[in-house]
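Here is the structure we will look at, set down as structure tokens.
What follows is calculated from the coordinates using simple rules that are stated; it is not laboratory data. Quick caveat: nothing in here was measured; it's all calculated off a predicted structure. Cβ placement follows ideal geometry from the backbone for every residue including glycine, while neighbour counts extend to all protein chains displayed.
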2 protein chains.
Amino acid sequence: MASRTATKLVHPDRTQLRFTTVLAALGDPVRLAIVARLADAEPDGELACTTFALSVSKSTQSGHFRVLREAGVIRQRDEGTRRLNRLRRDDIDDRFPGLLDLAIRHGRDMLADW
Amino acid sequence: MASRTATKLVHPDRTQLRFTTVLAALGDPVRLAIVARLADAEPDGELACTTFALSVSKSTQSGHFRVLREAGVIRQRDEGTRRLNRLRRDDIDDRFPGLLDLAIRHGRDMLADW
């Protein structure tokens, strides 16, 4: 997939993370669900975008992953035709201690209700 | 101000508060600054909208207060021509323990940098 491998995946440095941007990224039910799923795949877990059976269109789903990546919540990398995702737990925990655990806890509750 | 006193200020019940809606409400620099200022006015503190010297237009500022109220982060009431605001700390702490303290801490850091 030339179009995919040609895409440069930009990630903010840890020092560039902004609290309000991270909150806004987590402040959406679909994105919070993605974060909770990724948390369940830790510590080694990387999950391909295609493994998330979210009830939104593919382009909407891609947009949600992009928001999370640009906020610094997840790290994405391409491997062949798959785009893999993992939480940037160390970075978020370092900059905003307690936030990710709080978000994951509520995200899991939300997943359980779905 | 007839137009103001005619406005019914709707507040969600504690049980209606949604984690992602609260995160999204807090995920904006101006709104986080408002929350940090209100926190400094606690425990008795109510602050009139006009006491917030925010670098945004009056209508934009009103919109930010509305987002916070509709998310359940603040309670608003009109007294004469003034609209008074206070944090709904008990409600947020009950539903999402730890979130408000985290937000206030980062909001104060942000205010200090302004």
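Annotations for the structure displayed:
- By the helix-only formula, in which each DSSP H run with n ≥ 4 contributes -39500 (n - 2.57) and the sum is divided by residues, chain A has a 222 nm mean residue ellipticity of -15500 deg cm²/dmol.
- Average beta carbon contacts from partner chains per residue of A:95-102, 10 Å cutoff: 3
- Charge dipole (debye, nearest 20) of chain A; +1 at Cβ of Lys and Arg, -1 at Cβ of Asp and Glu: 460 debye
- Copies compared at residue A:77 - label distances in nm, ascending, label defined 7 Å from Cα in the Cβ direction: 5.7
- For residue A:58, the lysines whose Cα comes closer than 28 Å to its Cα, not counting residues fewer than 8 places off in the same chain, are A:8.
- Percentage, to the nearest whole number, of Cα pairs in segment A:14-113 over 16 Å apart: 53 percent
- You can think of it this way: the chain between residue B:9 and residue B:48 has 12.6 nm of extra reach, that is 0.36 nm per residue less the Cα-Cα gap.
- Principal axis dimensions, largest first and in whole angstrom, of the protein assembly as shown by Cα: 65, 38, 29
- The mean count of C-beta atoms from other chains within 10 Å of the C-beta of residues in B:21-29, rounded to a whole number, is 6.
- Note: relative contact order over chain B, using C-alpha pairs below 8 Å and six or more positions apart, is 37 percent.
- Converting phi to 3J(HN,Hα) with the Karplus coefficients 6.51, -1.76 and 1.60 and the offset θ = phi - 60°, segment B:56-70 yields 9, 5, 4, 5, 5, 4, 4, x, 5, 4, 5, 4, 5, 5, 5 Hz in sequence order, with x at every glycine or proline.
- Protection proxy ranking, highest mean first, for peptides A:77-87, B:55-65, A:15-25: A:15-25, A:77-87, B:55-65, where packing is the per-residue count of other beta-carbon atoms within 10 Å, averaged.
- Ordering of B:89-101, A:97-109 by packing is A:97-109, B:89-101, highest average first (other Cβ atoms within 10 Å, averaged per residue).
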